[in-house]
Amino acid sequence: MIDTHAHIDSDDFNDDRIDVINRAFSQGLEAIIIPAIEPTRFDNLIKTTELNKNIYFGIGVHPHNANDVDSIVLNEIYDIAKAEKKAIAIGEIGLDYYYDFSPKDVQKKVFREQLEIAKELDKPVIVHNRDSDEDILKIIGEAQDGKLKGVLHCFSGNLDFLRKAMNVNFLVSFTGNITFKKFNLIDTIKNVENDKFMFETDSPYMTPVPYRGKRNEPSYINLIAKKIAEIKNIELNEVIKMTNNNAKKLFGILNMILIIALFPILAFSQNEEQYYNEDAYQDTYNKFLGFGPVIGTNTIVESFIPNPNTVSYEGLLAIGGTVHYGPMDYLIISASYVYSQNRKKQEKFPDLQPDTYRHIELTANFIANPHGKINVYGFVGPSILLNTYGVPGGGLEERNSLGINTGLGFYFNLPISNAGLIVLSAEWKLDFMLGSQHYDYDFRINNPLEQQGKPVDVTTFFSIPRINLLFYPEF
């Protein structure tokens, strides 16, 4: 589980902060996100995230403190968001008309300014909204140019407000108030699309039943998950899986986990000459020409224009083959073919034939430490995307395009005496379609009533974590 909103940097946790963090992760949390509130506590916020590698933060100013924001503060938000690896969002920002700690016009100005920072740095926003539904949607709608993404946290809106939030490409997040007896927005939870919501504790506030009246903490997140599973009448594990995926995609947490995981290997690679003799390497780990199968999973993410929204299809089996050629130690050129088929769209549109995706990828792999038993590499190159889509009436439509593939990977080298080299390559590859494609129909699963049947432009990218098993024969 991921607690997408917890203020564990607050003074409420000064006496037992470490215990609270340990308790949360010992009970199965994957990550905690701490949103910022006020500029004077930015340093304390960042220090709190250093207590555990799986704690991240949003940087921004809450509407209560909008009066404290000037150009210096805005520059500080920008600099921190750009420089700090754990700064995965701009927030907590937004509007609060229930209290009058800051004038409405000041709140709106500061909200707009922070939205622009988020767009410039391509980071999601964490939005606070209290008694300001109309202005929140108006400002987000004005700022939305297809790049803006985010979450309306502690969501307590009705079904109409939920649909409007979906139309501006925002997720919603539910907290402990959904467990209260007087909570009367069950229809909102029942009707939210599975790829459009997350949950949070909002610690130390919004404590769920049966701990209501006490200080809230991230370890209580399971109570919120159980309540959502009960309302939506689905298995708890399914709720956890879908909300984890939603949080990782929105905040890019999977990217951060991968980067953090690379650090010890990269550090090891700096000292590789202590362990490996370069001459012996040339004989043992020579990657001149290799080939083998590819297997992985393909996640397709489609973004719709002009009314921004996103649909994703996850966990599709991807198979194929690859050939690798190493002209020099630090560079390997690879050519790959990967095939996958999408039957998940048929769950809501059974009359459509399955979409198929065929990727031909030419990639340059740049190896950071070519003389180690484990090699770390980054890669980039062009792709040819040969895709076929099911269309109304049961037919198929071929849509071919060019793309760019990029990502990170590892080579695990296993030499075989007098035969060659077996290499297990684990990599996470992203294929980005260049440009958009126009359709005369829109099968947007998230908003079918308003959009189905209307013309739409679609941009697509493919996330394909995969394993390549390569054999390099000895020449």
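No value in this document is a laboratory result; all are computed from the given coordinates. Computed from a predicted structure; not experimentally measured. Heads up, the Cβs are rebuilt from the backbone with ideal geometry, glycines too, and the neighbour counts pull from every protein chain shown.
What's the longest uninterrupted piece of the chain once you rule out the GluC sites (Glu not before Pro) that are loop residues per DSSP with at most 10 other Cβ within 10 Å? Write out the running numbers ahead of the final one.
Working: sites that count: GLU50, GLU235.
For GluC sites (Glu not before Pro) (loop position, at most 10 other Cβ atoms within 10 Å), the longest site-free span of the chain is 236-475.
Starting from the exponent 0.38 and prefactor 2.2 Å, build the expected Rg for region 128-209 from its residue count and divide its actual Cα Rg by it. Before the final figure, lay out the partial values.
On the way: Rg = 12.8 Å, N = 82, 2.2 N^0.38 = 11.7 Å.
Taking the Cα Rg and dividing by 2.2 N^0.38 Å, one obtains 1.09.
Quick check: from the Cα gyration tensor, does region 112-162 come out rounded (a/c under 1.5), prolate or oblate?
Working: a/c = 2.02, a/b = 1.80, b/c = 1.12.
Prolate shape, in that a/c is at least 1.5 and a/b is the bigger ratio.
Give the share of C-alpha pairs in each 10 angstrom bin for region 354-417, from 0 to the last occupied bin, in whole percents, shortest bins first.
Here the calculated profile for region 354-417 is 19, 30, 24, 17, 8, 2.
Taking neighbour Cβ counts within 10 Å as the exposure measure, how do ASP195, ASP15 sort from fewest upward?
Neighbour counts put them in this order, fewest first: ASP15, ASP195.
Tell me, HIS438, HIS359, HIS153 in order of fewest to most beta-carbon neighbours within 10 Å?
On the way: HIS438 10, HIS359 23, HIS153 26.
Taking fewest neighbouring Cβ atoms as first place, the list is HIS438, HIS359, HIS153.
Quick one, could you list the DSSP H helices from the chain stretching 24 Å or more along their long axis (Cα atoms) with average Kyte-Doolittle hydropathy of -0.5 or above? Could the numbers behind the result be given before it?
Working: long enough: 104-121 (26 Å, -0.89); 253-270 (26 Å, 2.19).
For the chain, where a helix must reach 24 Å along its axis and average at least -0.5, the hits are 253-270.
Using all C-alpha to C-alpha distances in the chain, build P(r) with 10 Å bins and read off the rounded percent in each one.
4, 18, 26, 25, 17, 8, 2, 0
Rounded, prolate or oblate for region 286-444? Axes are the square roots of the Cα gyration tensor eigenvalues, ordered a ≥ b ≥ c, and the cut-off for rounded is a/c under 1.5.
Numbers: a/c = 2.78, a/b = 2.27, b/c = 1.23.
Taking the square roots of the gyration eigenvalues as a ≥ b ≥ c, region 286-444 is prolate.
Once Rh is set to the Kirkwood radius over Cα pairs, what Stokes-Einstein translational diffusion coefficient, in µm²/s, holds for region 2-251 at a temperature of 4 °C and a viscosity of 1.567 mPa s?
On the way: Rh = 18.0 Å.
Translational diffusion coefficient: 72 µm²/s.
Starting from region 129-163, pick out the trypsin sites (Lys or Arg not before Pro) whose DSSP state is loop and whose Cβ has at most 13 other Cβ atoms within 10 Å. Don't jump to the answer; show the numbers that get you there.
Details: sites: ARG130, LYS138, LYS147, LYS149, ARG163; in loops: LYS147, LYS149.
Loop-located and lightly packed - LYS147.
Suppose we keep just the DSSP beta bridges with both residues in the chain; what percent of those would be antiparallel, to 5?
If we restrict to bridges inside the chain, about 80 percent are antiparallel.
In region 185-258, which trypsin sites (Lys or Arg not before Pro) fall in coil by DSSP and have 16 or fewer other Cβ atoms within 10 Å? Let's see the in-between values first.
Numbers: sites: LYS190, LYS196, ARG212, LYS214, ARG215, LYS226, LYS227, LYS232, LYS241, LYS248, LYS249; in loops: LYS196, ARG212, LYS214, ARG215.
Of the trypsin sites (Lys or Arg not before Pro), the ones in loops of region 185-258 whose Cβ has at most 16 other Cβ atoms within 10 Å are ARG212, LYS214, ARG215.
Out of region 50-89, which trypsin sites (Lys or Arg not before Pro) are coil in DSSP terms and have no more than 13 other C-beta atoms within 10 Å? Walk me through the numbers before you get to the answer.
On the way: sites: LYS53, LYS82, LYS85, LYS86; in loops: LYS53, LYS85, LYS86.
Of the trypsin sites (Lys or Arg not before Pro), the ones in loops of region 50-89 whose Cβ has at most 13 other Cβ atoms within 10 Å are LYS85.
Within 10 Å of each residue's Cβ, count the other Cβ atoms and sort TYR220, TYR339 from fewest upward. Display every interim value, and only then the final one.
On the way: TYR220 26, TYR339 16.
Listing TYR220, TYR339 from fewest to most nearby Cβ atoms yields TYR339, TYR220.
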